[in-house]
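Student: A single structure is presented below for examination.
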Amino acid sequence: MILLALESATVEVGAAIAGDHGVLSACAARPGRRHVETLHRAVSCAAALASVTLEEVGAVAVDVGPGLFTGIRVGLAAAKGFALALGVPAIALTSLEVLSHAARCSGPVVVPVVDMRRGEVAWQLGGTTSIGGIQALAAALATLGAPALLVGDGARRHGAALVEAVAALGGPPPRLGGDELGAPPVASLADLGLRRLEEGRTVPAEGLAAEYLRAPDARINFASRPDPAPAGDAGGPFDAGFGSRVR
Amino acid sequence: MSGEGPAGRARPARDPEIVLGVETSCDETAVAVVEGGRTIRSSIVSSQVDLHARYGGVVPEIAGRAHLERIVPAAREALREAGLDDRGMPLAASGPGRGIGAVAATVGPGLAGALLVGISFAKALALAWQVPFVGVNHLEGHLYASLLEDPGIELPAVVLLVSGGHTILVEMDGPGSYEVLGETVDDAAGEAFDKVARFLGLGYPGGPAIERAAREGDASSIAFPRPMLGEGLDFSFSGLKTAVVTYVGKHPEVSSADVAASFQAAVVDVLVAKLLDAAGTSRARSVCLAGGVAANGPLREAVAAACAAAGLGVYLPSRSMCTDNAAMIASAGHHLLGRRGPTPMDAGAEPSMRFPAG
């Protein structure tokens, strides 16, 4: 079985091909905001390097976020297109679990941190996904018994501030991962995708859903306005089992 | 592209004449299959109007999310209706006998976060099926909507493209040969409809809401300005919107129906006068309407009457071809593929794309 992996959720855009014995090829770039200009070329590049045609692909894995909203949509729209057009199942992986997977051998406590802009980050700790400010993450890290290893673009952007904030709280100052772990590596996405495929954890093309972790702006602003309350509007994505929100 | 199947039977081939089109520039998620640039095999439009209505306009982030959720069901339905399977090849029992040979998508103008969904999806289909990808200008697509329904239109034609985002007068000599004669200097006509409808509390989208309310009103009751009438072929609608707000402020007792009818009459007067001016000063043999506002009843009636009086051929597309759809994108894509060849895979969204020169 050939797996096509697509990464476009944060600052890195890439594609990888994996076979029964593991990853065969990976192509990635950090093209600024040029996600839709880059992703499909990475697919052709990865397939060519692996000497595989897309017709041979039997499953498509994709990073569904959290991360950049438009980047997530570029990746998911492509994954839906490939899964539909090739008639194959899809595998949804989050940016946080791919980062954790990539760094799993690097320390006892790995905390993936994705930049959510507006001074917020998303992170995963003890199996729970959270979103909040730097202080909220620092407070969580300060309760740990050992220094955590922070990876992801949120760790790259806010690393120094996090180290300082955790130290100020008397916690074990976290270590910061290198820039190669500044985004979910697409080879790790492919590797994790293979495991999910073996476990049969696939969905059809239309079953792929984004993990934005944040409601659209208009909805937030509308909900915070005194009136009129939007009828029948769910409070936001946090009703859908996304874990806790920490302020 | 054709080959022998395992049983020795010829496998159906992919045919570049059969184009799948994708349109996600604003608030309609649309997928269509068109053959030979003219024959619509399917045209699916999933409207998000309900999602945006409560905000009185299209919310870009909500539109982007909705496109992503709706694109696969829309594509599947378009393929099935065209007698094709998920791989774009004929279903055993029915279908044209050949598979999809090109994929077209709107690349601009439009909302960046919405356009990206259609572009990324369409490129994936093209790569998976090993067929060309073609990026289409949404405005050029609207011109093909007219040709799609009536390939016998006499050219050159002057097309008035009026929608929520655009108000443009174009002379079309043939596919790919256009000249922009005039356009709005501020708001689009449809935008003025939306803003006035919201101001009057008539709901969203504004075009149908104003048209409905205006039926109960007197169009001659308020003399709203006819902006830039007799001043060339450009348009301006933001002053007219302000005039409505000012008038209602001074006359709070006025009926919304009278305001709606008088406002609509002012817009229609300007659109029709400039369309006829454009037709008169060009070599045009016919006149076409395109875009969502072209579905407005009084505008259609006024254009038809004026053209009949002037001895001009007139073409009024059906309502479903006026509003955003993917059949027009597939049709334009078919022509563009023949003229310019495929679009490279590094093409991105062009949110402020202009009307193509040529």
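All of the numbers you see were taken from the coordinates with simple rules; none came from a lab. Since we're looking at a predicted model, the values are computed, not measured. Here the Cβ positions follow ideal geometry from the backbone for every residue, glycine too, while neighbour counts run over all protein chains shown.
Student: If each residue's Cβ is checked for other Cβ atoms within 10 Å, how do A:LEU24, A:LEU162 rank with the fewest at the top?
Tutor: Working: A:LEU24 20, A:LEU162 26.
Fewest-to-most ranking of A:LEU24, A:LEU162: A:LEU24, A:LEU162.
Student: Right, something else. Give the calculated FRET efficiency between A:CYS105 and A:ALA161 to the nearest 0.05, with a Förster radius of 35 Å applied to their Cβ-Cβ distance.
Tutor: Working: r = 27 Å, r/R0 = 0.77.
Using R0 = 35 Å, I get an efficiency of 0.85.
Student: To check you understand DSSP bridge types, tell me what percent of the beta bridges within region A:1-140 (both residues inside) are antiparallel, rounded to 5. Mind showing how you got there, number by number?
Tutor: Details: 21 of 30 bridges.
Bridges in region A:1-140 that DSSP calls antiparallel: roughly 70 percent.
Student: Still on this model: Which of B:PHE237, B:PHE355 comes first, and how do the rest follow, when ranked by fewest Cβ neighbours within 10 Å?
Tutor: Working: B:PHE237 26, B:PHE355 20.
Arranged by neighbour count, lowest to highest, B:PHE237, B:PHE355 become B:PHE355, B:PHE237.
Student: Magnitude of the Cβ-charge dipole of region A:107-176, K/R +1 and D/E -1, about the Cα centre, nearest 20 debye? It would help to have the intermediate numbers written out before the result.
Tutor: Details: 5 positive and 4 negative charges, 16 e Å.
With only Lys, Arg, Asp and Glu charged at Cβ, the dipole is about 80 debye.
Student: Which residues among region A:92-112 fall inside the zone where the amide N is under 15 Å from a point 7 Å beyond the Cα of A:MET1, along Cα→Cβ?
Tutor: What the label zone holds, given the 15 Å backbone N cut-off, is A:92-93.
Student: Take every Cα pair under 8 Å in region B:191-337 that's 6+ residues apart, average their separations, divide by the length, and report that relative contact order as a whole percent. Walk me through the numbers on the way to the answer.
Tutor: Values: 186 pairs, mean separation 32.0, N = 147.
Relative contact order of region B:191-337: 22 percent.
Student: Let me ask something additional. At what distance in angstrom do the alpha carbon centres of region B:235-267 and region A:67-133 lie from each other?
Tutor: What the calculation gives is 50 Å, centre to centre.
Student: Please state the shape class of chain A: rounded when a/c is under 1.5, otherwise prolate if a/b exceeds b/c and oblate if not, all from the C-alpha gyration tensor.
Tutor: Numbers: a/c = 2.03, a/b = 1.30, b/c = 1.56.
Cα axes put chain A in the oblate bin.
Student: Rank B:GLY164, B:ILE18, A:ALA59 by how far each Cα sits towards the positive end of the charge dipole of the protein assembly as shown (+1 on Lys, Arg Cβ; -1 on Asp, Glu Cβ) and give me just the farthest.
Tutor: A:ALA59
Student: While we're on this one: What is the mean number of Cβ atoms from other protein chains located within 10 Å of the Cβ atom of each residue in peptide B:344-351, rounded to a whole number? Let's see the in-between values first.
Tutor: Details: counts 3, 9, 7, 3, 7, 4, 0, 0.
Across B:344-351, the average partner-chain Cβ count within 10 Å equals 4.
Student: Under the rule that a partner needs its Cβ under 4.7 Å from the first Cβ, which Cys of chain A have none?
Tutor: Cysteines of chain A left without a disulfide-compatible partner: A:CYS105.
Student: Now, a different point. Quick one: of the DSSP bridges fully inside region A:107-176, what percent are antiparallel, nearest 5?
Tutor: Details: 9 of 14 bridges.
Roughly 65 percent of the DSSP beta bridges within region A:107-176 come out antiparallel.
Student: Another question, then. Kirkwood hydrodynamic radius for the protein assembly as shown: how many Å is it when counted over pairs of different Cα atoms? Kindly include the intermediate steps, with their values, before the conclusion.
Tutor: Numbers: mean 1/r = 0.0385 Å⁻¹.
This gives a value of 26.0 Å.
Student: Within the set of other residues whose C-beta is less than 12 Å from the C-beta of A:ASP179, count the net charge using Lys and Arg as +1 and Asp and Glu as -1. Walk me through the numbers on the way to the answer.
Tutor: Numbers: positive: A:ARG30, A:ARG156, A:ARG157; negative: A:GLU12, A:ASP153, A:GLU180.
Around A:ASP179, the surrounding residues sum to 0.
Student: Between helix B:327-340 and chain B, what is the angle of the helix's C-alpha long axis to the longest principal axis, kept within 0 to 90° and rounded to the nearest 10?
Tutor: 60 degrees
Student: Roughly what angle does helix B:60-81 make with the longest principal axis of chain B, taking Cα atoms, 0 to 90 degrees, to the nearest 10?
Tutor: The angle comes out near 50 degrees.
Student: When B:ARG226, A:ARG214 are ordered from fewest to most other Cβ atoms inside 10 Å of their Cβ, what list results?
Tutor: Numbers: B:ARG226 15, A:ARG214 23.
Listing B:ARG226, A:ARG214 from fewest to most nearby Cβ atoms yields B:ARG226, A:ARG214.
Student: Okay, next question. What does the charge add up to near B:SER236, with Lys and Arg as +1, Asp and Glu as -1, over the other residues with Cβ less than 13 Å from its Cβ?
Tutor: On the way: positive: B:ARG226, B:LYS241, B:LYS274; negative: B:GLU183, B:ASP186, B:ASP187, B:GLU191, B:GLU231, B:ASP234.
Taking every other residue near B:SER236 into account, the sum is -3.
Student: Between helix B:138-149 and chain B, what is the angle of the helix's C-alpha long axis to the longest principal axis, kept within 0 to 90° and rounded to the nearest 10?
Tutor: Its long axis makes an angle of about 80 degrees.
Student: Given R₀ = 51 Å, FRET efficiency for A:ARG195-B:ARG54 by Cβ-Cβ distance, to 0.05?
Tutor: That gives a FRET efficiency of 0.75.
Student: For B:ARG38 and B:ASP269 in the same chain, what is the full-extension length gain: residue separation times 0.36 nm, less their Cα-Cα distance, in nm? If you can, show how the numbers build up before the last one.
Tutor: Values: separation 231, 0.36 × 231 = 83.16 nm, distance 3.27 nm.
Answer, rounded to one decimal: 79.9 nm.
Student: Of B:ILE119, B:ALA257, B:ALA304, which is farthest towards the positive pole of chain B's charge dipole, taken about the Cα centre with +1 and -1 on the beta-carbons of Lys, Arg and Asp, Glu respectively?
Tutor: Highest projection toward the positive end goes to B:ILE119.
Student: Can you give the mean number of other chain Cβ atoms that lie within 10 Å of the Cβ atoms in peptide A:209-216?
Tutor: Working: counts 3, 4, 0, 2, 0, 1, 3, 10.
Per-residue shielding by partner chains comes out at 3.
Student: Another question about this same structure. Excluding B:ASP187 itself, calculate the net charge of residues whose Cβ lies under 10 Å from the Cβ of B:ASP187, where each Lys or Arg counts +1 and each Asp or Glu counts -1.
Tutor: Values: positive: B:LYS195, B:LYS241; negative: B:ASP186, B:GLU191, B:ASP194.
Local net charge: -1.
Student: Separate question: Averaged across B:122-134, how many Cβ atoms of other chains sit within 10 Å of each residue's Cβ atom? The partial results should precede the final answer.
Tutor: Working: counts 4, 11, 17, 7, 3, 11, 15, 5, 3, 1, 0, 1, 0.
For peptide B:122-134, the averaged partner shielding equals 6.
Student: Continuing with the same structure: Ranked highest first by average number of other Cβ atoms within 10 Å, how do B:199-212, A:9-22 line up? It would help to have the intermediate numbers written out before the result.
Tutor: On the way: B:199-212: 19.9, A:9-22: 23.2.
Going from most to least packed, we get A:9-22, B:199-212.
Student: Just in region B:272-358: which trypsin sites (Lys or Arg not before Pro) are loop by DSSP and have at most 13 other Cβ atoms within 10 Å? Each step should come with its number before you reach the end.
Tutor: Working: sites: B:LYS274, B:ARG283, B:ARG285, B:ARG300, B:ARG319, B:ARG339, B:ARG340, B:ARG354; in loops: B:ARG283, B:ARG285, B:ARG354.
Here the trypsin sites (Lys or Arg not before Pro) that fit, given the DSSP loop and packing criteria, are B:ARG283, B:ARG354.
Student: With only Lys, Arg, Asp and Glu charged, each at its Cβ (+1 for the first two, -1 for the last two), find how big the charge dipole of chain B is about the Cα centre; round to the nearest 20 debye.
Tutor: It works out to roughly 720 debye.
Student: Just flag the trypsin sites (Lys or Arg not before Pro) in region B:72-128 sitting in loop per DSSP whose Cβ has no more than 16 other Cβ atoms within 10 Å.
Tutor: On the way: sites: B:ARG76, B:ARG80, B:ARG87, B:ARG98, B:LYS123; in loops: B:ARG87, B:ARG98.
Sites meeting the loop and neighbour criteria: none at all.
Student: What distance in nm separates the two pseudo spin-label positions at A:ALA48 and B:GLU253, each 7 Å out from Cα along the beta-carbon direction?
Tutor: Computed distance between label sites A:ALA48 and B:GLU253 equals 7.7 nm.
Student: Using only helices, what value at 222 nm comes out for chain B when you add -39,500 (n - 2.57) per DSSP H run of length 4 or more and divide by the total residues, to the nearest 500 deg cm²/dmol?
Tutor: Taken over chain B, the calculation gives -13500 deg cm²/dmol.
Student: Lys/Arg Cβ at +1, Asp/Glu Cβ at -1, dipole of the protein assembly as shown taken about the Cα centre: which of A:ALA15, B:VAL287, B:GLY101 is farthest positive-ward?
Tutor: After comparing all options, I get A:ALA15.
Student: May I pose another question? Let's see if you can work this out: charge +1 on each Lys and Arg Cβ, -1 on each Asp and Glu Cβ, no other charges. What is the dipole magnitude of the protein assembly as shown about its Cα centre, in debye to the nearest 20?
Tutor: Values: 48 positive and 62 negative charges, 168 e Å.
Result for the protein assembly as shown is approximately 800 debye, rounded to the nearest 20.
Student: Please compute the modelled spin-label separation between B:GLU77 and A:THR128, points set 7 Å along Cα→Cβ, answer in nm with one decimal.
Tutor: The answer from the label model is 4.1 nm.
Student: By DSSP, what percent of the beta bridges with both residues in chain B are antiparallel, rounded to the nearest 5? Walk me through the numbers on the way to the answer.
Tutor: Numbers: 28 of 48 bridges.
Once the DSSP bridges in chain B are tallied, antiparallel ones form about 60 percent.
Student: Mean separation of Cα pairs under 8 Å and 6+ residues apart, divided by the residue count of chain A: what relative contact order is that in percent?
Tutor: On the way: 545 pairs, mean separation 54.4, N = 247.
About 22 percent, as a whole number.
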